[in-house]
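Working notes, structure below.
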Amino acid sequence: MMLAIVGVMGALAQQVPQVINVMSRQAVSLNGDWHYIVDVQEEGYYDYRMNPTRWGFFNNAKPQRPEDLIEYDFDAAPTMHVPGDWNTQDERLFFYEGTVWFQRYFTIENGELKIDNDASRSQIVNCKSSNRKLLYFGAVNYDCHVYVNGKKAGHHVGGFTPFNFDVTDLLHKGKNFVIVKVDNKRSASAVPTQIFDWWNYGGITRDVLLVSMPETYIENYSLPLTPSKGRGKEREIAFSTQLSQAVAGQSITVSIPELRLKQTFVTDTNGRVCALLKVPAKKLTLWCPENPKRYQVEISLNDNDDVLTDSIGFRTIETRGKQILLNGNPIFLKGICLHEEKPNGGGRANSAEDARTLLTWAKELGCNFVRLAHYPHNEYMVREAERMGILVWSEIPCYWTIDWKNEATYQNAQQQLTDMIRRDYNRANVIIWSIANETPHSAERDTFLGRLARYARTQDSTRLISMAMEVTGASNYVNRLNDNMNQYVDVVSFNQYVGWYRDVNDAPKMRWEIPYDKPVIISEFGGGAKYGLHGAKNQRWTEEFQENLYRENLAMLDKIDGLAGTTPWILKDFRSPRRVLTGIQDYYNMKGLVSDKGERKKAWYVLKEWYEGK
Ligand code: GCU
């Protein structure tokens with residue numbers, strides 16, 4: 001899909017489909033220190049009549065004559081690190097929600113892309129002038145306008161998925177500059193909507209890359225393993241590739257050296273290849289948590305016009321009645337929820353190192369599964385989990401009271417779903433796409449989410465669809481799950497807070513009626529505790545209270561028929577503007593099993609022991 005955008009000064013830029021597997025692409029990282037200007041009233045975008053102005057900050061203007069009036073100067077402005085959020089990098093912006101402008105330079109010399117004003121980190125990429133140049137963002141929260149050399153490159157909405165613009169025609173030899181207007185203001189029609197229980201970290205929160213692509217390139221590819229047909233001698237991999245142009249007759253070679261597989265196909269008139277690759281079953285090691293085997297895969301176009309490599313695991317995931325089957329075998333998902341947040345008050349997580357820290361904590365807890373709440377986390381998190389043998393539930397932020405009747409809101413949600421599935425389609429560890437969390441029952445909601453669930457299946461028929469439901473009301477300790485959305489999901493998941501928002505003493509008496517012949521995941525349960533605060537088990541906020549709550553809940557959940565997994569809320573205490581109890585919460589949701597510093601609370605050991613028994 002090509003979207004032509006006429007720039008302020010006339011040059012053209014295009015939003016092109018998200019580049020997948022960008023980590024294996026030829027690219028210069030634009031990460032580093034970017035200048036920023038806080039623009040509360042969007043002076044840099046609108047004139048005093050609130051009309052978009054052509055003299056905006058995107059021009060990066062400088063006075064040409066002594067009398068010239070330019071009331072901003074990026075080069076004199078402070079800098080902050082990208083990727084990162086502004087809330088934890090400038091204490092004046094801790095609570096800030098609004099517009100901040102970012103600016104940085106790079107140089108093109110003799111066909112080479114070079115990062116300047118940071119000699120120690122200069123990077124050079126040879127970029128054949130014939131190449132396309134895509135400006136790629138891992139994510140920007142929330143609403144951003146991107147300019148290159150004063151010309152509009154594009155606009156993107158949504159804080160947790162990648163996007164890129166073809167800026168080839170906006171670049172020139174010598175010094176170039178990128179300017180990004182970022183606005184993280186919340187609104188009723190947005191996704192997520194106005195209220196949510198996590199910190200609204202603003203900024204260019206993930207990697208920024210200038211990617212050099214051949215004129216025609218491999219735009220997308222997938223290699224899911226098809227379900228096995230009994231004890232066949234062979235397994236089949238459904239290989240497909242899409243080129244960036246609809247050109248026929250192009251040769252595509254796929255090779256998996258370890259499986260002695262190398263085959264060449266020719267694209268059809270749509271620039272597409274679809275074929276079944278056959279491999280001897282006994283030669284294929286299937287990906288699973290105990291053995292997260294990945295194979296080196298190489299896909300090349302013609303005579304290496306374009307070459308992509310990836311590490312891919314092969315596995316199947318399906319349900320049978322109330323069981324979840326991984327590679328045909330029932331599995332219990334020993335999970336935990338987590339937010340994409342660094343420990344030690346560090347703000348948005350955005351690196352492989354952050355991912356390893358959080359996922360190692362989950363592994364130490366005995367987990368083989370994580371629910372990445374409530375939005376797509378960065379690619380490092382998903383790939384590190386794949387490498388470490390941790391299964392993933394990935395979710396889009398249709399959270400609480402979304403504007404169900406608003407078509408633009410629906411298109412926004414669907415785009416986030418498209419981009420989430422597209423980025424992580426080839427990750428063996430991702431098994432569940434979740435389309436929502438704790439949404440109020442209504443016909444409008446059912447229509448919106450039903451449509452989204454059906455759409456998800458058109459994007460990926462190889463994975464399970466779910467959402468975090470709620471049990472509304474219990475009579476006589478009987479909790480009956482009754483949600484119209486059950487018909488659209490493969491796994492029935494719900495959040496329950498017996499012991500926190502409901503009395504813990506009810507737990508032994510509780511019965512759960514889940515009238516659907518589908519696997520059940522308890523996608524949230526838990527309670528708060530301040531690490532180091534001790535007291536009686538009925539004293540809220542003490543570790544003993546949380547420990548007891550876990551004991552009672554796990555005993556209660558063990559009685560649920562069809563229980564196939566749990567993801568307690570939550571691995572680590574995390575920031576939330578909704579948690580204001582001074583001396584206890586101090587803007588942290590304290591339901592973590594570890595503190596923000598990674599200190600284990602007593603309940604941690606209760607869950608670990610339970611998972612050892614699973
Ligand atoms: C909800 C919600 C979470 C929230 C949690 C809580 O269930 O899904 O986002 O943080 O409850 O209240 O702590």
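Which aspartates and glutamates, on any chain, are close to residue 614 with Cα under 13 Å apart, when same-chain ones fewer than 8 places away are left out? Within reach: 558.
With θ taken as phi - 60° and the Karplus curve 6.51 cos²θ - 1.76 cosθ + 1.60 applied, the whole-hertz 3J(HN,Hα) list for the range 301-312 is 9, 6, 8, 6, 4, 8, 10, 10, 10, 8, 9, 10 Hz, x standing for glycine and proline.
Evaluated with a Cβ-only charge set (Lys, Arg +1; Asp, Glu -1), the range 21-65 carries a dipole of roughly 260 debye about its Cα centre, given to the nearest 20.
When each of 189, 244, 300 is scored by the number of other beta-carbon atoms lying within 10 Å, the sequence from fewest to most is 189, 300, 244. Amide H contacts under 5 Å for residue 491: 465, restricted to partners 5 or more places along the chain or on a different chain, H placed in the peptide plane at 1.01 Å from N.
Length gained on full extension, residue 457 to residue 298: 54.5 nm, using 0.36 nm per residue less the C-alpha separation. Label sites at residue 38 and residue 90, each approximated as a point 7 angstrom past Cα along Cα to Cβ, lie 0.6 nm apart. Computed over neighbours whose Cβ is under 10 Å from that of residue 519, the net charge equals +1, Lys and Arg +1, Asp and Glu -1. When both bridge partners sit in the chain, DSSP labels roughly 75% of those beta bridges antiparallel.
Ranked by the mean number of other Cβ atoms within 10 Å per residue, highest first, peptides 318-330, 165-177 order as 165-177, 318-330.
Once backbone amide H atoms are built at 1.01 Å from N, residue 104 has 178 as its partners under 5 Å, excluding neighbours fewer than 5 places away on the same chain.
Among 234, 91, the order by Cβ neighbours within 10 angstrom, fewest to most, reads 91, 234. Comparing 176, 390, 31 along the charge dipole axis of the chain, the residue lying farthest to the positive side is 390, per the Cβ-charge model.
Could you tell me which of 504, 66, 99 has its Cα farthest along the dipole of the chain towards the positive end, charges placed at Cβ (Lys, Arg +1; Asp, Glu -1), taken about the Cα centre? Looking along the dipole axis, the top candidate is 504.
Between residue 580 and residue 309, full extension at 0.36 nm per residue minus the direct alpha carbon distance yields a gain of 92.8 nm. Taken about its Cα centre, the chain carries a charge dipole of roughly 1800 debye when the Cβ of each Lys and Arg holds +1 and the Cβ of each Asp and Glu holds -1. When you restrict to C-alpha pairs under 8 Å that are six or more residues apart and normalise by the size of the range 298-444, the relative contact order lands at 20 percent.
If you plug the beta carbon distance of residue 172 and residue 68 into 1/(1 + (r/R0)^6) with R0 = 22 Å, you get a FRET efficiency near 0.40. Would you mind classifying the chain by shape? Square roots of the alpha carbon gyration tensor eigenvalues, ordered a ≥ b ≥ c; an a/c under 1.5 is rounded, otherwise it is prolate if a/b is larger than b/c and oblate if not. Judged from the Cα gyration tensor, the chain comes out oblate (a/c at least 1.5, b/c at or above a/b). Fewest-first ordering of 420, 23, 485 by other beta carbons within 10 Å of each residue's beta carbon gives 23, 485, 420. Please tell me which of these pairs span more than 29 angstrom C-alpha to C-alpha: 537/597; 278/363; 322/342? With Cα atoms farther than 29 Å apart: 278/363; 322/342. Positive end of the dipole of the chain (Cβ unit charges, origin at the Cα centre): among 326, 367, 580, the Cα lying farthest that way belongs to 326. The distance from the alpha carbon centre of the range 293-319 to that of the range 534-568 is 42 Å, rounded to a whole number.
Any read-out appearing in this document is the output of simple, stated calculations on the displayed coordinates, not a laboratory observation. What you are looking at is a predicted structure, and each value in this text was computed from that prediction instead of being measured. Every residue, glycine among them, receives a Cβ derived from its backbone with ideal geometry; neighbour counts consider all protein chains shown.
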